[in-house]
Amino acid sequence: MVDAIPATSAALATTASTTLPKFVAHRDYVAADVPINLAKGGLNGDGILDLVVPNFNSTNTSVLLGKNDDSFQTVRLFNSGGVQPFDAVVADFNGDGKNDVAETFPSAGLAILRGDGLGHLGTPALLAAGTHPLHIVSADFNGDHKADLAVTNSDSNNVSILLGKGDGTFTVAPSPAVGMAPVGIVLGDFNGDGKTDLAFRPGTMPARIRIRLRFCSVRALAVSRLQSSFLWQRLHCYWRSRISIRTPGRT
């Protein structure tokens, strides 16, 4: 058990920076029906970040291509491959140098949408996950320089690990149990060994987070666990048909 520092005003006052970030230049962009999450990445090779937005009350995904003036082009809609797309991640899954998109569907697994390097997404290829897959992240988990996937499954209480083959297909690895109804997931090297680890927040345990440390072979991806106190506040989410972008330091 590792004690965490409570996020109190006194603790925040001791941080190195006393300058608070200022976000200005607020802009709204039309997405589609109930945009629920965001993913970023380059989809058209211009070196400018683009946005991918799953639209939960639909079967489509919005793509907003970034422009060099901190704005975005008109939204483009692509078939997600299933109903109620929930979360997305951008990476090159087939090794062609063009970024693709992976999306989750709570009732139907996930899908890979191949990018053409021009900002378009191709026909979805469906993949199985656990029960009620929600959040998804991508990294190289086994050191073969190919993009892999980790997906939280809130009803089967585990995380699906899919190891990329570099051709757009995946090998299913053992799914580590991570507690009841995992929802949040982030990547990071939490023990300083140069390998990517995963941190989760179990949905029924708001007072804890769990960290899975990866320090051995691909056949034993998640063999160690740390638990730490976690101070949290409930975030009230309001679904709208727009997304908002704020750019720091611009008028």
For this session: Per residue of the range 68-77, in order, report the coupling 6.51 cos²θ - 1.76 cosθ + 1.60 (Karplus, θ = phi - 60°) as ³J(HN,Hα) in whole Hz, putting x for Gly and Pro.
Result: 7, 10, 6, 10, 10, 5, 4, 4, 10, 10
Exercise. In vacuo Debye scattering of the range 67-160, one point per C-alpha: log10 I(q)/I(0) at q = 0.18, 0.19, 0.23 Å⁻¹?
Worked result: -0.84, -0.91, -1.17
Exercise. How do the peptides 190-196, 173-179 rank, highest first, by the average count of neighbouring beta carbon atoms within 10 Å per residue?
Worked result: 173-179, 190-196
Exercise. Karplus couplings for the range 33-49 from phi (6.51 cos²θ - 1.76 cosθ + 1.60, θ = phi - 60°), rounded to Hz, Gly and Pro as x?
Worked result: 8, 6, x, 10, 9, 10, 9, 10, x, x, 10, 10, x, 9, x, 10, 5
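Quick note: the coordinates plus some simple rules give every number you see, no bench work behind them. Everything numeric here is computed off the predicted structure, so don't read it as measured data. Glycine gets a Cβ as well: all are built from the backbone with ideal geometry, and neighbour counts include every protein chain shown.
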